[in-house]
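K.L.:
Take a look at this one; I'll ask things after.
Read the figures in this text as sums done on the coordinates, not as results from a lab. All figures in this text were calculated on a predicted structure; none of them were measured in a lab. All Cβ positions, even for glycine, are placed from backbone atoms using ideal geometry, and neighbour counts span all protein chains on display.
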2 protein chains.
Amino acid sequence: MLLEEIDKSIKTYPDFPEKGIFFRDIMPIFSKPELFSELIENMASAPIFKDVEAIIAIDARGFLFASGIALKLGIPMIVARKPGKLPGHLITKSYELEYGSNSLSMQIESLKPFQKYAIVDDLLATGGTVQCVSNIVKSLGKEVLGLLVVIELSKLNGTLKLDFPVFSQISY
Amino acid sequence: MLLEEIDKSIKTYPDFPEKGIFFRDIMPIFSKPELFSELIENMASAPIFKDVEAIIAIDARGFLFASGIALKLGIPMIVARKPGKLPGHLITKSYELEYGSNSLSMQIESLKPFQKYAIVDDLLATGGTVQCVSNIVKSLGKEVLGLLVVIELSKLNGTLKLDFPVFSQISY
């Protein structure tokens, strides 16, 4: 039921943002408060949360889900952001995107209090972004217990890059 | 009490992201689940919400608060995003930033079902970003009932640009 509603709400756009990319737009989900709420509840029920100490929200669509999960569970949230967005002492790593390359930064201070993390994003494609965050976390001797996404593009084999479980709501 | 806790949590960075800018970093708030939850409750209690039909979340830090408020109140959320981020038929307007200039886009489809909006962002500086979103909304014959932010930089007189009430948690 939830799955069906999510599937109906996600709109697909061919050749966005670049030729050859089949873009899945999750924005219509937020126009349906009951669906959004049920989705957050589902994501927050992943078994890893019994051990997770903090959520890592990936810039920017990941923020929309991570914030809800953090509030629902009453656990801390920290962020991984695109270049130039975060002040302070940062740890930065680069990654290959589905289209192009980029880097992500986290505030070292924000990672200090916690050891075990769940990463939250809207979509898992090639897994480059998530692997980048995982590399940041591991470089400080800390642990990623799992990834939560709404959509998994299973043909792109993103899960193969990751050494932790992926909890997705819908797979294309 | 809430105010004091928020004030203690916000870290300031001189000359970020550019010389002369005194950056207020709200990220530490999210590391404190009780504070974040209380803050969302406070923002969601603004009187305009008795009439608001949907929340507009501003890319990207606005997402972190808007999502929580939308879930708390069970009302729809739509987004205003930076260039190149949203697919579909867009309405785009440009604005002057505290540092530089930029533009924001919204999906026309997302605005169709609702008439009265609240805008949510992390911080009100010169008001350019919010005015830009307000211009988009008005150009479709719709209405902004108010702005919710955590921080207001009162010396920059952002409120003077806006013809609707501003609900801020803390003012510098």
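K.L.:
Taking the highest mean first, how do the peptides A:5-18, A:47-60 order by number of other beta carbon atoms within 10 angstrom per residue?
P.N.:
A:47-60, A:5-18
K.L.:
Next up: So what's the back-of-envelope 222 nm ellipticity for the protein assembly as shown, counting only DSSP H runs of four-plus at -39500 (n - 2.57) apiece and dividing by all residues, rounded to 500?
P.N.:
Helix contribution divided over all residues of the protein assembly as shown: -8500 deg cm²/dmol.
K.L.:
Taking B:Lys93 as the anchor, which lysines have their alpha carbon closer than 24 Å to its alpha carbon, excluding any fewer than eight residues away along the same chain?
P.N.:
List returned: A:Lys11, A:Lys82, A:Lys85, B:Lys82, B:Lys85, B:Lys112, B:Lys116, B:Lys138, B:Lys142, B:Lys161.
K.L.:
What relative contact order, as a whole-number percentage, does segment B:104-155 give when Cα pairs under 8 Å and 6 or more residues apart are counted?
P.N.:
Value for segment B:104-155: 48 percent.
K.L.:
Find the relative contact order for segment B:47-171 and round it to a whole percent, using C-alpha pairs within less than 8 Å whose residues are 6+ positions apart.
P.N.:
24
K.L.:
Can you tell me how the protein assembly as shown classifies by the Cα gyration tensor, rounded, prolate or oblate, using a/c under 1.5 as the rounded cut?
P.N.:
Taking the square roots of the gyration eigenvalues as a ≥ b ≥ c, the protein assembly as shown is rounded.
K.L.:
Counting only other chains, and only Cβ atoms inside 10 Å, what mean value do you get across the residues of B:32-38?
P.N.:
Taking all residues of B:32-38 together, the mean is 3.
K.L.:
Okay, moving on. Run through the other copies and list how far each one's label point is from that of A:Ser171, in nm with one decimal, shortest first; the point sits 7 Å from Cα along Cα-Cβ.
P.N.:
Shortest to longest, the spacings are 5.4 nm.
K.L.:
Inter-copy label distances at B:Ile21, 7 Å along the Cα→beta-carbon direction, one decimal in nm, shortest first?
P.N.:
Going from nearest to farthest copy, the values are 2.4 nm.
K.L.:
Related question: List, shortest first and in nm to one decimal, how far the label point of A:Glu109 (7 Å from Cα along Cα→Cβ) is from its counterparts in the other copies.
P.N.:
Ordered by distance, the counterparts are at 4.1 nm.
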